Structure formats: structure tokens, C-alpha cells
Amino acid sequence: WQGFFYPFYLAVVYFFTHGSMLAARIAQILLGSLLCVLVFRLGMRLFDRRTGIVAGVTAALYGPLAFYDAELLDTGFSALWAVALVLLVLRARDAKGGWPAAFVGLCGGVSVVTRATFLPFLIAACGWLLFAWRRGGARPGLVAARAGLLLAGFLAVAMPVALLHRGATGDFSFLPESGPINLYIGNNPEREKTIMIRPGAEWRELTRMPSVQGSMGSAQDRMVFVRLYF
């Protein structure tokens, strides 16, 4: 039900700290400080140094970010990847070499396995990069090579996750199992009711809906929710 990255992060931290939740929180707070630096660099790159300073200080003083950095949630990482990914895309657009494209793919892969909602942005960003490279005068062969590096960077993250997913569930996917049911909960004709569902009898009834309709496994369960949405 969760994206792959955050449980893996917790597993690594707990392995080296004997299960210390405090260590996990401290690491997230340090990464939250890095986010403020990246926001500063993004503001400076898009506008000027003064804008970057204001943006970085605003991020540092933004209460919800400070709160979620100390919680055992993936929110802080999602914010970090969001800013890092934009910076890497801008760098890859202007770089003469192709390796920045691989880093876009890597960061994109990590962001998607943290939260699947990054996937549409990553697809759009990669399309924009291909257009920008071609418009900038890059030869078709060079654009194709950079596209290959984008894909290779993404697959370097997504493929191991998909293999682990298949070992655990039997399905080959780098996206969490919760995608289709979340799609249904927020978009069905009675979403005012389903979006308010909490753990209990109503939730169990919702999750059993595919079985009632004849589903024989988790893959079919997901297809039932997608079909009900459309």
C-alpha cells in the first residue's frame, strides 16, 4: 500500500541504529535542511540571488515542512525530490554532455517509487527535455542517446523495485498496490462518501468489492477499481 522508497529508508536506518526512530527523524531533519538549500538554488537559477535567498528562508520557516520532517512519513522526501528534480531537468537541458540526463532518470525513479503521483510530471519533463534538446540544435542521434540515458537512469531504480514487488505480490510493477483503489475513492460518482471512509466495516466492504464482482486475485482487484472509475 505504500511507495517502496520510504519503508526501504526506514529499514536501512533501523538496521544501522537498532530500530531507532529518533535516528530516522534526525536524518529527515537534516535532509529538510538540504531542501532549503535546493530551494535557494532554484530561486537563484530561475530569477536572481535575492529571490533565491527569500525562497530559501521561506522554506526554512515554513511550519508544515518543519513538522513533517520530524514525522515518520514520506512528505519531506517528496518535497526534496520535487525541487531536486526540477533543478536536474534544468541542468540537463543546458548541459553539453549527456550524463545529467541519467541523473534526471535516477531522481525521477526515486521520486516515483516514493510517490507514484510524480510519474505524470516525470513523463512531461522528459518530453520537454527531448523537445528542448532538439530545438537547441542537437542532432537526432544525440537526442536519442540522451533519451536512452534518461530511460536507463529510471530503470536502474524502477526495475529492482518491480522485481521485489513481483516476489512479494506476484505482479511486476514499480507502483504501489493502492493506486487503483485510491483512483476509485477520489473519482467515483459517490466520492463524497468514499473519500470519508475510515478503517472499519465500510473500508472492509470497499476492499471486498472486487471479490463480490468475481475477482480472483490482486491483479484483477486493481482492474475492477479502474473499470469502476472509467
In deg cm²/dmol and to the nearest 500, what is the mean residue ellipticity at 222 nm of the chain if only DSSP H runs of at least 4 residues count, each as -39500 (n - 2.57), divided by the residue total? -25500 deg cm²/dmol
Extending each Cα 7 Å along its Cβ direction at ALA152 and LEU73, get the distance between those two points in nm, one decimal. 3.8
Computing the accessible area with a 1.4 Å probe over protein heavy atoms, can you report the carbon and sulfur percentage for the chain? 67
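Excluding GLY32 itself, what net charge comes from residues whose Cβ is under 14 Å from its Cβ, given Lys and Arg +1 and Asp and Glu -1?
Surrounding charge for GLY32 is -2.
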Taking the Cα atoms only, what angle lies between the long axis of helix 99-114 and the longest principal axis of the chain, rounded to 10 degrees? 30
For segment 133-198, take the convex hull of the Cα atoms, compute a quarter of its surface area, and give me that in nm², please. 7.9
What distance in nm separates the simple spin-label points at LEU142 and ARG91, each placed 7 Å from Cα in the Cβ direction? 2.0
How long is the gain from ILE29 to ARG166 if the chain were fully straight, where each residue apart is worth 0.36 nm and the alpha carbon distance is subtracted? 46.0 nm
With label points set 7 Å from each Cα along the Cα-to-Cβ direction at ALA132 and TYR62, the distance between them in nm comes to 2.1
Note the per residue figure in Å³ for the convex hull of the C-alpha positions in the chain. 174
Please sort 104-117, 153-166 by packing, taking for each peptide the average over its residues of neighbouring beta carbons within 10 angstrom, highest first. 104-117, 153-166
Can you compute the FRET efficiency between MET159 and THR17 using 1/(1 + (r/R0)^6), with r the Cβ-Cβ distance and R0 = 30 Å? Round to the nearest 0.05. 0.55
Given N residues in segment 1-122, what is its alpha carbon radius of gyration divided by 2.2 N^0.38 Å? 1.12
Enter the angle in degrees (range 0 to 90, nearest 10) between the Cα long axis of helix 140-169 and the first principal axis of the Cα atoms of the chain, meaning the one along which they spread out most. 30
Principal-axis tilt of helix 118-135 within the chain, Cα atoms, nearest 10 degrees: 30
Estimated D of segment 104-223 in µm² per second, where Rh is the Kirkwood radius over Cα pairs and Stokes-Einstein applies at 10 °C, 1.306 mPa s: 94
When the scattering of segment 104-151 is computed by the Debye formula from its Cα atoms alone, each counted once and equally, what is log10 I(q)/I(0) at q = 0.16, 0.19, 0.32 Å⁻¹? -0.45, -0.60, -1.13
Average accessible area per residue (Å²) across segment 80-230 - probe 1.4 Å, nucleic acids and ligands excluded: 58
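The values are calculated or read from the model by the stated rules, or taken from the named source; none is laboratory data. Not measured: the values here are computed from a predicted model. Heads up, the Cβs are rebuilt from the backbone with ideal geometry, glycines too, and the neighbour counts pull from every protein chain shown. Protein only, heavy atoms only, side chains kept; ligands, DNA and RNA dropped before computing areas. Shrake-Rupley method; radii C 1.70, N 1.55, O 1.52, S 1.80 Å.
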